[in-house]
Amino acid sequence: MQAMQWDAGRACWRAEGQALVEQVLGHPALRVRPLDEAVPLALAGGSAGEVFGALVRMNDGARHAAPKLALQRALAASATAGQERARCIAAQLLADGRAIGAWTFEAPVSTVASLLGFADTQLPAVARWMGDFVACLSPLSDAAQIAQAHAASLRLLGAMRELLQAAPAGTLAAAVAREAAHAGWRDDHAILANLVGLLSQTYEATAGLLGNCLVALQQGTGCANAAQLVARVMETDPPILNTRRFAAERCTVGGVTVEAGQAILVMLGAAQRGFGHGRHACPGQQLAQQVAAGCIEALSSAALPQLTWTYRASHNARIPEFQQ
Ligand code: HEM
């Protein structure tokens, strides 16, 4: 097993290699947020901060366990419809003349919004709000972007509240409400926040997977079908490269002593753990791959233009932004 390395430049530990990555993600003392900063200071006092603080992704312990179980069960029930829905929505956006650069972000999040239960007419607004909201998840965002994220958060919470009140049977929103009741999860704000969270977890990561698939297509992959291409790209060019953990107390991991409060950069992508591992492993991995495959299938009927791209500024993700 590789030893943990101290990264002086980032003033944190660095965990590489499958065994060490799994050990870190399985360690009870290593948490998703610093004990003294459950919500990034830049978000404090606004709606996006309240959503951030309630997300399963950003909590450990009781605020994580039952909600995660409910989301996992609801997503498992909905995943089967993902590929077909994505193919329809992605084809429609292409037919509407959506540029590839916008399409890689809009098609996946619109598909998950549609699975949640939003009507087709609502999808463009939900996708736009989510584009604004995700700014709150990046430490690179400026004050104007954070303000936009707060405004988008209020709109998304309002839309989720209305959706949950009317959620037709068979939708992902209805499945989340049902599983939440089963799991004894009764925090209304946290349920709404995590419905928003399903879209925010989808937005950049699935756009990254879809985008990396387009890059692979342009470079010639030799994959027999879309599902094979998606699986190959998750191995060779995964969109999520790393995550972080914070020591809640002094602990020993990877042969070193990690002091309380110290951070660990966990190199997921290179360790073939692109969907994470352990208690915080991604509950949407099946759906994500289905959505990306459906979008690729929709593209097969359209001529893929010669693509040029740059990568979005990010500390943890590899997301191509196409100029076409
Ligand atoms: C290619 C697309 C995706 C990738 C690469 C991805 C990757 C990940 C990773 C690495 C984590 C764990 C982060 C950590 O441990 O710090 C995670 C968590 C999560 N993902 Fe995904 N994800 C993707 C798509 C989705 C989708 C489509 C959904 C739902 C619709 C989703 C829902 C979640 C949730 C709720 C969590 C938090 C789980 C927890 O903290 O227990 N993800 N994802």
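The values are calculated or read from the model by the stated rules, or taken from the named source; none is laboratory data. Note that this is a predicted model, so its numbers are computed, not measured. Heads up, the Cβs are rebuilt from the backbone with ideal geometry, glycines too, and the neighbour counts pull from every protein chain shown. Only protein heavy atoms, including side chains, enter the accessible area calculation; ligands, DNA and RNA are left aside. Shrake-Rupley method; radii C 1.70, N 1.55, O 1.52, S 1.80 Å.
Structure values in brief
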{"read-out": "For the chain, built as a Gaussian network whose Cα springs stay under 10 Å, the top-fluctuating residue of Ala70, Ala181, Ala29", "value": "Ala181"}
{"read-out": "Two-site FRET efficiency, Ala169 against Thr121, from Cβ-Cβ distance with R₀ of 35 Å, rounded to 0.05", "value": "0.95"}
{"read-out": "Phi-based couplings in Hz for the stretch 305-322 (Karplus 6.51, -1.76, 1.60; Gly and Pro marked x)", "value": "x, 5, 9, 10, 7, 10, 9, 4, 4, 7, 7, 9, 10, 10, 10, x, 10, 7"}
{"read-out": "Furthest towards positive pole of dipole, Val134, Ala74, Ala107, structure part the stretch 67-135, Cβ charges", "value": "Ala74"}
{"read-out": "Choice from Arg31, Arg186, Arg63 with maximal GNM fluctuation in the chain (Cα, 10 Å cutoff)", "value": "Arg186"}
{"read-out": "Accessible area per residue, Å², the chain with all protein chains present, probe 1.4 Å", "value": "43"}
{"read-out": "Mean separation of Cα contacts under 8 Å, 6 or more apart, over the residue count of the chain: relative contact order %", "value": "30"}
{"read-out": "Packing rank of 15-25, 217-227, 99-109, where each peptide gets the mean count of other beta carbons within 10 Å, highest leading", "value": "99-109, 15-25, 217-227"}
{"read-out": "Dipole magnitude (debye, nearest 20) for the chain, charges at Cβ of Lys, Arg, Asp, Glu", "value": "360"}
{"read-out": "With every protein chain in place, the chain: carbon and sulfur % of accessible area (1.4 Å)", "value": "52"}
{"read-out": "Summed residue charge, Cβ within 14 Å of Trp185's Cβ, Lys/Arg positive, Asp/Glu negative", "value": "+2"}
{"read-out": "Extension gain (nm, one decimal) between His189 and Ala3, 0.36 nm per residue minus Cα-Cα", "value": "62.8 nm"}
{"read-out": "Farthest toward positive dipole pole in the stretch 234-293 [+1 Lys/Arg, -1 Asp/Glu at C-beta], among Gly269, Ala248, Gln285", "value": "Ala248"}
{"read-out": "Computed [θ] at 222 nm, helices only, for the chain once each DSSP H run of length n ≥ 4 contributes -39500 (n - 2.57)", "value": "-17500 deg cm²/dmol"}
{"read-out": "Sorted peptide list for 307-319, 145-157, criterion being average Cβ within 10 angstrom, highest first", "value": "145-157, 307-319"}
{"read-out": "Efficiency of FRET from Cβ geometry, Ala270 and Asp36, R₀ 30 Å, rounded to 0.05", "value": "0.50"}
{"read-out": "Fluctuation leader among Gln201, Gln122, Gln285 - the chain, Gaussian network, Cα springs under 10 angstrom", "value": "Gln122"}
{"read-out": "Simple Cβ-charge dipole of the stretch 97-203, Lys/Arg +1 and Asp/Glu -1, about Cα centre, in debye nearest 20", "value": "100"}
{"read-out": "Local electrostatic count, Ala226, Cβ distance below 12 Å [Lys/Arg +1, Asp/Glu -1]", "value": "+1"}
{"read-out": "Glu249 versus Gln92: modelled label distance in nm, points set 7 Å from Cα along the beta carbon direction", "value": "5.2"}
{"read-out": "Between the stretch 77-143 and the stretch 25-43, the alpha-carbon center distance in angstrom", "value": "28"}
